Amino acid sequence: MVEVLLMTHVLFGVACMLAAVWLFVDVLQISDANIVRVRVVSWLAAAFMWVAFLAGGYWYVTFYKFDKAIILKGPWKFSHNMVMETKEHLVIMLLLLATYLPIAASEELASSKGARKLLLWVAALVALLALGMDGEGGIIAMGVKVGLLPK
Amino acid sequence: MENNTISKRSIGFGLALAIASIINAIIVVVKERNDAIMNGMKKITGHHWTTHSLIVLVLFFALGGVLTLAKGGRGFDMSAGRLVGIVTSSVAAAGLIIVGFYLFGD
């Protein structure tokens, strides 16, 4: 169950990142033909991020203490002290940015250059922050792994 | 016909995003530096991070609504370029404060 929760967090986090990249590319080619798709993908990116946030948040608050204890007894203490501490707070900004995507995508994108610029920047920030979160998650998992290796 | 306009809702929630991001970083520093605040946040929901997240999310939605309906419902007037500058610089500054704090300040 715990593993399913954690993999749900990772799966939907990656899905959010892919949706943000899709959105970025689609906005570059904006026309009346793809504007509905752009808005749907912006909602999907936000929904994926909320699922990732809630699954990861529940896991963090309920189960992370066991991993944390292993990390702090192992050689990769920085994977908690630096990486998890930053991840748990940067992800709140990522959630805000992803939530803002459908708002920015509701603009008249085909006719407003400013609206496209806004959506491109927010989508890029979502994709880059999500990629960073994914990398940080990998480092935290490695921190647990090296903490479990025989000394 | 190409234009450069953005709606009052995008401006209102964009500014709310910028402010909430900075407040997010400030809460990190304040709670990590002050045990009383950290313990108070733990008492409210059972975990400091849950309280922290709720504060930032409520702030974002409340501020977004207020700023969208500011000036008697007309909202704020701002160019897209300026809003992009405010959002990106706020997110970058907040990110640097958080990473810098755990790298050098904690």
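The values are calculated or read from the model by the stated rules, or taken from the named source; none is laboratory data. Because the structure is predicted, anything quoted here is derived from the model rather than measured. Every residue, glycine among them, receives a Cβ derived from its backbone with ideal geometry; neighbour counts consider all protein chains shown.
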Given (1) more than 10 Å from chain B (Cβ to nearest Cβ); (2) among the aromatic types (Phe, Trp, Tyr); (3) in a helix (DSSP H, G or I), index of the condition A:Trp121 fails
(1)
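When you check A:Trp50 against the structure, is it closer than 20 Å to A:Gly132 by Cβ and either touching a Gly at 6+ places or on another chain (Cβ under 7 Å) or in contact (Cβ under 8 Å) with a residue 24 or more places away in the chain (or both), yes or no? Talk me through it step by step, then tell me what you get.
Numbers: closer than 20 Å to A:Gly132 by Cβ: yes; either touching a Gly at 6+ places or on another chain (Cβ under 7 Å) or in contact (Cβ under 8 Å) with a residue 24 or more places away in the chain (or both): yes.
So A:Trp50 fits the description; yes.
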Helices (runs of 4 or more DSSP H) lying entirely in region B:22-106 (those with 2 or more residues that are closer than 20 Å to A:Ile103 by Cα and more than 7 Å from every other protein chain (Cβ to nearest Cβ))
B:48-68, B:80-100
Pick out the one residue from A:Ala45, A:Ala110, A:Ala55, A:Ala124 that is under 21 Å from B:Gly14 (Cβ atoms), of a type outside the set (Ser, Thr, Tyr) and crowded, with 20+ Cβ neighbours inside 10 Å.
A:Ala45
Anything in region B:1-21 that is under 9 Å from the mean Cα position of the chain (by Cα) and more than 7 Å from chain A (Cβ to nearest Cβ)? List them, or say none.
B:Leu15, B:Ala16, B:Ala18, B:Ile19
Would it be correct to say that B:Ala94 is within 30 Å of B:Asn3 (Cα to Cα) and either at pLDDT 95 or above or touching a Pro at 6+ places or on another chain (Cβ under 7 Å) (or both)?
no
From the list A:Thr99, A:Thr86, which residue is at the interface with chain B (Cβ under 7 Å from one of its Cβ atoms), free of Cβ contacts under 8 Å to residues at least 60 places away in the same chain and among the hydroxyl-bearing types (Ser, Thr, Tyr)?
A:Thr86
Selected residue (only one of A:Met133, A:Met142 is in a helix (DSSP H, G or I), in contact (Cβ under 8 Å) with a residue 60 or more places away in the chain and closer than 24 Å to A:Ala47 by Cα)
A:Met133
Please find, within region B:68-100, the residue that is surrounded by the fewest Cβ atoms within 10 Å (Cβ to Cβ) out of those that are hydroxyl-bearing (Ser, Thr, Tyr) and more than 30 Å from B:Glu32 (Cβ to Cβ).
B:Ser79
